[in-house]
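The values are calculated or read from the model by the stated rules, or taken from the named source; none is laboratory data. Please read these numbers as outputs of a predicted model, since none were measured by experiment. Note: ideal-geometry Cβ built from the backbone for every residue, glycine included; neighbour counts use all protein chains shown. To get the accessible areas, we keep the full protein, side chains included, count just its heavy atoms, and leave off ligands, DNA and RNA. Shrake-Rupley method; radii C 1.70, N 1.55, O 1.52, S 1.80 Å.
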Amino acid sequence: MSWFTTPWGLLGFLAVPAVVALHLFHRKHQNFPVAGLFLWEDTQFAETAGARRQPLRRTPSFWLEVLAALLAGLWLSGFDPWGNGKTEHWVVVLDDSASMRAMHASEGSPQEKAIRYLSDELQEKGRRIRTTLVRSGLRPTLLAGPGALTPDVLRATEKWAPQAPAHNLKPALAFARELAEGGKILLLTDHPLGHPQEDVRVISFGRPLANQALAKSMRKSLGHGEDKISITVRNYSNNEEATQLTLRHGEQILAQKDITQPADARTTIQLSIPSRLGAIQVELKADALGVDNQAVLHPIPDRRVNVFFGLSGETHRQLQLSKAENSFSGIRRVSHAADADLVLAHVPANPPSWSLVLPLEENDLEAYAGPFAFEQRHDLLEGLTLEGVVWTSSKDFPTPGTPLVSAGSTALLTEQRLGAAKIWHLNLLPQRSTLQRSPDWPILFSNLIELCSQGKEGPQSINLVCGETFSYHASESADWALEGPDGTRHFTTVGDLHLSVLAPFGFWKLHRDKSLAAIFSVNFVDPSESDLRDRGSLVQAPQKENIAPAEARFAESPVGRWILLFFLLAVLADWWVLGRRRP
Amino acid sequence: MGKTDPIQLGKIWRLAKPTRPASGPAGNQLGKGTGASLEFQDYREYQAGDDLRHVDWQAYARTDQVSVRLYQEEISTTVELILDASLSMDLWPNKANRWRELCCFLHAAATSDYTVRGVLAGERTFPIPRETFQDPALPGIHLEAKASLADANFGGLLRPGTLRIVISDFLFPHHPSTLVAQLQKGAGKLILLQVLDAEETQPSPRGHLRLQETESGRHRDLPVDESVIQRYKKRLQRLQNGLAEEARRKNAMWATLSCKSSLMDLAAGPLQQAGLLVPR
C-alpha cells in the first residue's frame, strides 16, 4: 500500500472530497429556459451572499467527476494492485571526499559525472524507484530519504558539495547496508576500491590528474609584534610543474612567488609579518583541485598565562622561577594576584585564579626517595619520571583534593577544584629536595603553564586543518551562533565547546551570547585527496546480486496506462454530459 | 401506437357551430338586447351575469331550474387561426410539435365548413398560405418572435364577424380583460386555446437554476425547490383563471391543452368538452 502514501497520490485523492464540496457549495447556476419568468419571480426569495450548501445531486456529471478524481489519484500514486511495477528501494552512497571535485578540462569532475549518472538512472527507472542517498565522510549522513522520491533525490544532489578529507568508506557502506535491508547498494566514487564488495556496485568516475596543493600553512607568533608565516607547496604530479603562490591581506598583496618544482617535490616559503595584520589569504594558481589551493591564516590570539609569583624569596630562588620566567614565552608576570591566571604562593588565591601552593614552614619534615606513585595520565604529570628524586615534605602542610603524587600513604601533590579554578597543593620543601634540580621540574612547570593556558577562556586554535576539531574553552554556559558557508547554526553548551566535521572555509564566525567570540578558518590540507594520480574509472559489480535485474523490476506497469486512459474517458464523458445539459 | 396524422384526424372532427346567450357579454354586466337574427339552439344552466332577459321563465315554472336559452350565433363562415409564433412556443420539442399538429388539425377540421385564414403573430403579423397547412411540419413557419401576442399589431389582417381561434401559451405578462378584448375585437366568436408543456404545468425540483426568459432574455437565479414550484403553480392557476373568467364574461371559449396528451385525446377531450369540436 505504499502507493497510497505517496505525496502525489494523496494530492490526487484530495480531489475527491474537493469535487463533492464543489457540488455541495457551487454557485454557478445551470441555465434553464422558461416561457414566463414573471410566474417564477418570487419576492419571498432573496439571494444571500456566500456559499450555501445545497442538497447533493447525484448527477452523471457528479459521478464522472468523482471517478476522474479517483483515477487521477490512483495514477499519480502509481497504483498497481498486481505489483507488475513494484516499487524498488536502493541505497546510493556518494563519496564525499574533496577529490570528487577535481576538474578534468573536457570531462568535468567526478561529482558532475556521478550526478549525471544518477539522474539518468533515476529517469530510466521512472516512478517505481525509491532512493536513499547517503553521503560518506568522517560521519556518514543521510542526504535524502530513506526511500525518497526521485525529485527529492535530484534536489539533494544539487546541494551536494564534496569537501571531506580522506576517510574510510566502510562506515558509510555499513550505514547503507542497514538502510538497504538486503537491497541494492551503489557507491559512486572517484577511485576504484582495492577489492570488489560483496553486495555493493561500485562505479568510479575519477581520472588521473596532476595537481599542486598547499601541503602546510602555518602562522605562529614570534612575540614582539611579529608573526611567522610558513607555507609548503607540493607538486603531486609525475612532471615538473609551475605554479604561483600569492599571500594577500585583504586586497593588498603581501608576497607573490612563482614556484617551479620537479615531480613530487615540495617547496617551503617563510616570511614574517606584523602581528597586527588580520587574516592572511594564501592562494595557489588554479589547477585540477581548487579546495587545496587556498588557505586563510588568522592572527594567533594571545594566550600567554599571567603569573603572580608570591612565594618567599628563598623558595622562589630554589625553584629557579626567574629562569623559568625567562625561558617560557607563554608567561607574562603580573604584580597583583587579582590579575593573575596562576598564582604561585604559600596560600591559595581566590578563584578564578588558579594556584600552586607550597609549604612555608620547615617543621616536622619527612623525606622520601621513592618510589613515588603518581597519576601518569594526568596532563600535569605527563612526561615525568621522578627517578632519583629526593622529596622532602612538611607533615603540617594540608593537602586537600585528589592525590596526584604520593609516597606511601602521604600525598605529596594534590589537585583541588573550586568551581572552574584549580588549586594544586605541592608539599615540597625545595631547600631539602632535589626535584627542582632534576629534569622533571621544567617538565612539571611547563605542563602547569600549558594547563593554565588551556584553562583560559577562548579558542584553543583558530587556524585549523580540515578534520580537526575546533575547541573553545568556556567556564560557563553560553548560547552560541556559528556562521559558516551553510548559514548560521545555534546551540547552547555548559562549559567547553567542541565543533568537529567543519567544512573548509576561511571565515567561520563564532558568536557567544550575541557578541563575536572568535573568527577561525578550516584549511584543506590532505595529501591523500590532493594527490589525484591514483584516481580512475571503473565499474565493480558486486560479487552477489541481491535482486533481480533492474530492467525486469523497473518495467513500467500497464495498469498505470489503463488508469490514465479511463481518467481521460471520464473527463471526456463529463464534458459531453455537461455539453448536453446546456440548452 | 403510430403517430396521428393531424390532417387525417381533422377529417373525423369538425368545428361546432358557436352558441351564446342571445347578444351581449356574459358575466356581471348586462347584455345589450336580443338579436332577431339568432336561431334558438339549446339551453344551459343560468350562470351569474347572464342576461335575465334570456332566462326561460316557463321552464323555470315547470322545473324550478333557472335556464337560459342559447341561440345559434350569426357569424361569418370564415375561421381565423391566429398562431402565436413567439420563441416560447418552441421552448420544448413536445410543445412545438403539438402546436404544429393542432394548427394543421384545426385547419383540416374547419376547412369543410369554413373558409380558413391563418395569421402568424409576432413582431410582424402576416397571413399564412393555405398550402402550409397541408404539411404537419408547417414549412416556412418559424417560432422565433420575441414579441408576445399582447404586443402583436394585426393591422388590417383580421376581419369582422369571423370565428377567431387563438393558439398560444399565454405565458406573458398581460391584463386578461385588455388581452381578451384586444383579441376579440371585431370577431364573431373568440376561442382561446392555451398550449402548455408538462415542464410548464408540472415543473420538477432541479436545485439552483438560472431561469432565463426566452423572449426577453431576462434571467433570475432561483432555488427551484418544492415551495418555489408551489408558488409558481399558484400564479399559473391565477393566470389561467383570469383568462377563463374573462373569456366566459365576453362569451369567448377557453381551453387549456396539455402537451402530455396526444392530439387524438385532446380532440376527444378538452376540445370536444369545450364545445369547439363535434364528430362528423
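Overview of results
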{"item": "Rg and Dmax [Cα atoms of the protein assembly as shown; Å; Rg one decimal, Dmax integer]", "result": "55.5, 173"}
{"item": "Stokes-Einstein D for the stretch B:102-171, Kirkwood Rh over Cα pairs, 10 °C, 1.306 mPa s (µm²/s)", "result": "121"}
{"item": "The stretch A:363-415: relative contact order as a whole-number percent, Cα under 8 Å and 6+ apart", "result": "39"}
{"item": "Acute angle (nearest 10 degrees) that the helix A:440-455 long axis makes with the longest principal axis of chain A, alpha-carbon atoms", "result": "40"}
{"item": "Helix axis angle, A:110-125 relative to chain A longest principal axis, alpha carbon, degrees", "result": "30"}
{"item": "Entries of B:Lys233/B:Lys260; A:Lys323/A:Lys395; A:Lys228/A:Lys514; A:Lys216/A:Lys285 with Cα pairs more than 21 Å apart", "result": "A:Lys323/A:Lys395; A:Lys228/A:Lys514"}
{"item": "Order of exposure, largest accessible area first, which applies to A:Lys184, B:Lys95 with probe 1.4 Å", "result": "A:Lys184, B:Lys95"}
{"item": "Average partner coverage of B:197-206, which counts Cβ from other chains inside 10 Å", "result": "2"}
{"item": "0 to 90° range, to nearest 10: angle between helix A:558-581 axis and chain A longest Cα axis", "result": "50"}
{"item": "For the stretch A:384-502, convex hull volume per residue from C-alpha positions, Å³", "result": "140"}
{"item": "Pairwise burial A:B, computed as accessible area of each alone minus the pair, summed, 1.4 Å, Å²", "result": "2800"}
{"item": "Positive dipole terminus of the stretch A:240-357, leading residue within A:Leu311, A:Asn293, A:Ala279 (C-beta point charges)", "result": "A:Leu311"}
{"item": "Rounded percent of accessible protein surface that carbon and sulfur make up, chain A, 1.4 Å probe", "result": "54"}
{"item": "Low-density loop positions, trypsin sites (Lys or Arg not before Pro), the stretch A:335-423 - DSSP coil, at most 10 other Cβ in 10 Å", "result": "A:Arg377"}
{"item": "Scaled radius of gyration (Cα, divided by 2.2 N^0.38 Å) that the stretch A:56-200 gives", "result": "1.36"}
{"item": "Fluctuation leader among B:Ile165, B:Ile82, B:Ile12 - chain B, Gaussian network, Cα springs under 10 angstrom", "result": "B:Ile12"}
{"item": "Unit Cα scatterers, Debye sum, the stretch A:322-431: log10 I(q)/I(0) for q = 0.14 Å⁻¹", "result": "-0.62"}
{"item": "Protein-only accessible surface order, largest first, of B:Tyr60, B:Tyr232 at 1.4 Å", "result": "B:Tyr60, B:Tyr232"}
{"item": "Within straight-line cross-link reach of A:Lys509, aspartates and glutamates at Cα separation under 15 Å, skipping those fewer than 8 residues along the same chain", "result": "A:Asp479, A:Glu483, A:Asp486"}
{"item": "Longest to shortest principal axis, alpha-carbon extents of the stretch A:284-332, angstrom", "result": "65, 15, 11"}
{"item": "Cβ charges +1 (Lys, Arg) and -1 (Asp, Glu), total dipole of chain A, debye", "result": "2080"}
{"item": "More than 15 angstrom apart: percent of Cα pairs within the stretch B:176-220", "result": "67"}
{"item": "Partners for B:Lys189 among lysines (Cα-Cα distance below 26 Å; same-chain residues under 8 apart left out)", "result": "B:Lys11, B:Lys17, B:Lys32, B:Lys95, B:Lys250"}
{"item": "Accessible area per residue, Å², the protein assembly as shown with all protein chains present, probe 1.4 Å", "result": "49"}
{"item": "Estimated translational D of the stretch B:166-280 in µm²/s (Stokes, Kirkwood radius over Cα pairs; 25 °C; 0.890 mPa s)", "result": "155"}
{"item": "Farthest toward positive dipole pole in the protein assembly as shown [+1 Lys/Arg, -1 Asp/Glu at C-beta], among A:Ser446, A:Asn463, A:Leu10", "result": "A:Leu10"}
{"item": "Antiparallel content of DSSP bridges confined to the protein assembly as shown, in %, to 5", "result": "60"}
{"item": "Stokes-Einstein D (µm²/s) once Rh is taken as the Kirkwood radius of chain B over alpha-carbon pairs, at 10 °C in 1.306 mPa s", "result": "80"}
{"item": "Loop GluC sites (Glu not before Pro), the stretch A:222-298, which have at most 12 other Cβ atoms in a 10 Å radius of their Cβ (DSSP)", "result": "A:Glu240, A:Glu251"}
{"item": "Calculated SAXS-style log₁₀ I(q)/I(0) at q = 0.15, 0.16, 0.25, 0.27 Å⁻¹ - the stretch A:392-461, Debye, Cα scatterers", "result": "-0.59, -0.66, -1.23, -1.30"}
{"item": "Solvent-accessible area of A:Lys170 with every protein chain in place, 1.4 Å probe, in Å² to the nearest 10", "result": "140"}
{"item": "Rg and Dmax of the stretch A:81-152, Cα atoms only, in Å", "result": "14.3, 50"}
{"item": "Descending semi-axes in Å of the stretch A:252-340, equivalent ellipsoid built from Cα gyration tensor", "result": "45, 16, 11"}
